[in-house]
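Read through the structure below, which is laid out as structure tokens, and then see the notes.
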Amino acid sequence: MKSLNLVLCFVILSWSYSAFAVEGVDPCKVIAEEIIPLRVPGFDQSAIWKKISGVKGADRPRALLPVVDGGQIVIGTSISYDEKKGLSNPQIQILRTDKTGKVIVEKWIDIKNLKTVTDAVLLKDRIVVLAGLESNKSHSIGLSFLNGAGELRTTEIISDPKLDLIPKSMMTVPGKSEMIIAAEAISRQNPEDSYSVLIWVDKDGKKRFQKEYLPGVKNKPEFIGRLSGHEMVMTGRVRTTDGNRDAGWVLRLSNKGDILYQRPYARGGDSVIRRSVASGHNGSMVVVGDALPSISGSKAAWVMKLDPDGSPVWQKYLTGQYGYSGLDVIALPDGRYNVLLAGKPADHGGRQYARVVTFSDAGVIIADESFIEGVNAIPVRLINQNGKRFLLGVAETGFSKEGAPEDLKYIAYDTWLLGLSKLPSFENICAGAAARSLDDLP
């Protein structure tokens, strides 16, 4: 009977993405778990502006930072390519636009032993770039400090003689000139021994202290971010105790990194939780990631709202004629959530593209936008900047050879930045009434 109920839910949602418009459906009723087959994408949405930038080679943006003047800063890795010489050494790419999308800074910065850029943050008047370094087959963390013009000021390296450190994500500490880095630590003697670490650094990148998270099984972080009340959340994946699959993993932490709770969420064959956003002032959150089916079928994007204790309030699996990955999520001031998906062709063919699905707080899909550029497009980040949305990704602006090796797979991709159109106005009819009081007279 439960399966039948789920099928009926899918049919209702296939008629209209706005359940508010479906007669007889309670738009405020929370359905705890749904598999939602998305429609075939339509690319009739238009952006306010778009920019494509890069070198002949592979551009891989990783961070999109809002600037107080209304512009944006893109930070990533760039690897130029020459047909005779092949691939060059990786460089840091910085792209800065003004509020109209005009490019005002575009630079490439050489960093010794750079392997890849993974994240970046703004720290007062500096841009701090988080990168992975590789030298003599050992891996360490690099911090590069740039000014607003994209000029390199200083660098700092964080390493460990017994561990390879693979940086994943970084955040600033509210009210302090400090940063926290989430990294994967891998034993050089036993690569199967890997776990998550958080590293606190000062404003100059000097290591202050670190904490290890060792639940007894292999784990890997994906994201570190803020919650309400100066609490933090770390998401990623953790090996199940039977050792057979990866489960999505969420840790709610105090501002000192102490665990308030940590929970695995095993779904399908393997699953991962990539990003999170606070959904209220009580420690609840919405997380996004991927889940692989247990037997066969394309990957599904996985969106889940968790209560303050980490229990699922609702969760949705977004499927269809494409395989989907859940890459990012933002909370809008009116109670809606935008979830960024990467769509990849499955059995039916097609092109890679970006999809932004809007959820109500009750977990109902109320808007759906699809974007593509060039031959294929792969999204990376989505931000809300003073009520305006901006999407970062890569677009295949040339043609790469079919069956190209992994190191040449993305040589035809350039950085792709969109200023998205404003969403239609929204009234949250499911919000509770204003608090009442007997003593409300003057």
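The values are calculated or read from the model by the stated rules, or taken from the named source; none is laboratory data. Model, not experiment: these values are computed from the prediction. Cβ atoms come from the backbone with ideal geometry, glycine included; neighbour counts cover every protein chain shown. Please note that ligands, DNA and RNA were not included when accessible areas were found on the heavy atoms of the full protein model with its side chains. Shrake-Rupley method; radii C 1.70, N 1.55, O 1.52, S 1.80 Å.
Any residue at all in segment 274-283 that is under 28 Å from residue 346 (Cα atoms), open to solvent by less than 50 Å² (accessible area, probe 1.4 Å) and not hydroxyl-bearing (Ser, Thr, Tyr)? Yes, because at least one residue in segment 274-283 is under 28 Å from residue 346 (Cα atoms), open to solvent by less than 50 Å² (accessible area, probe 1.4 Å) and not hydroxyl-bearing (Ser, Thr, Tyr).
Determine whether segment 262-273 contains at least one residue that is surrounded by 16 or more Cβ atoms within 10 Å (Cβ to Cβ) and within 14 Å of the chain's Cα centre (by Cα).
Within segment 262-273, one or more residues are surrounded by 16 or more Cβ atoms within 10 Å (Cβ to Cβ) and within 14 Å of the chain's Cα centre (by Cα).
In this structure, residue 35 does satisfy being of a type in the set (Val, Ile, Thr), assigned to a strand (DSSP E or B) and within 28 Å of residue 267 (Cβ to Cβ). Can residue 205 be described as modelled with pLDDT of 95 or more and either outside any strand (DSSP E or B) or open to solvent by 70 Å² or more (accessible area, probe 1.4 Å) (or both)? Against the criterion (modelled with pLDDT of 95 or more and either outside any strand (DSSP E or B) or open to solvent by 70 Å² or more (accessible area, probe 1.4 Å) (or both)), residue 205 qualifies.
Taking the numbered list (1) small (Gly, Ala, Ser); (2) within 17 Å of the chain's Cα centre (by Cα); (3) at pLDDT 95 or above; (4) open to solvent by 10 Å² or more (accessible area, probe 1.4 Å) in turn, residue 311 passes all entries but (2).
One line per residue, one yes/no per condition, for (1) surrounded by fewer than 16 Cβ atoms within 10 Å (Cβ to Cβ); (2) among the charged types (D, E, K, R); (3) touching a Gly at 6+ places or on another chain (Cβ under 7 Å):
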residue	(1), (2), (3)
112	yes, yes, no
124	yes, yes, no
150	no, no, no
165	no, no, no
171	no, no, yes
177	yes, no, no
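Condition (residue is over 19 Å from residue 328 (Cβ atoms), among the hydroxyl-bearing types (Ser, Thr, Tyr), in a loop (DSSP other than H, G, I, E, B) and touching a residue at least 24 places away in the same chain (Cβ under 8 Å)) applied to segment 79-86: is it met by at least one residue? No, every residue in segment 79-86 fails to be over 19 Å from residue 328 (Cβ atoms), among the hydroxyl-bearing types (Ser, Thr, Tyr), in a loop (DSSP other than H, G, I, E, B) and touching a residue at least 24 places away in the same chain (Cβ under 8 Å). Just one residue in the set 197, 238, 217, 233 is more than 17 Å from residue 260 (Cα to Cα), among the β-branched types (Val, Ile, Thr), assigned to a strand (DSSP E or B) and touching a residue at least 12 places away in the same chain (Cβ under 8 Å); that residue is 238.
When the test is whether a residue is open to solvent by less than 50 Å² (accessible area, probe 1.4 Å) and not in a strand (DSSP E or B), residue 333 does not pass it. For segment 214-259, enumerate the residues that are buried (at least 21 other Cβ atoms within 10 Å of the Cβ) and either over 19 Å from residue 274 (Cβ atoms) or of a type in the set (A, V, I, L, M) (or both). Once the filter is applied, which keeps residues that are buried (at least 21 other Cβ atoms within 10 Å of the Cβ) and either over 19 Å from residue 274 (Cβ atoms) or of a type in the set (A, V, I, L, M) (or both), segment 214-259 yields 224, 227, 232, 233, 234, 238, 247, 250, 251, 253.
Test of understanding: among 71, 54, which residue is buried (at least 16 other Cβ atoms within 10 Å of the Cβ), at pLDDT 95 or above and not β-branched (Val, Ile, Thr)?
Working: 54 fails: at pLDDT 95 or above.
Step by step, each of 71, 54 is checked, and only 71 is buried (at least 16 other Cβ atoms within 10 Å of the Cβ), at pLDDT 95 or above and not β-branched (Val, Ile, Thr).
Just one of the listed residues (104, 75) is under 30 Å from residue 405 (Cα atoms) and either of a type in the set (A, V, I, L, M) or part of a strand (DSSP E or B) (or both), and it is 75.
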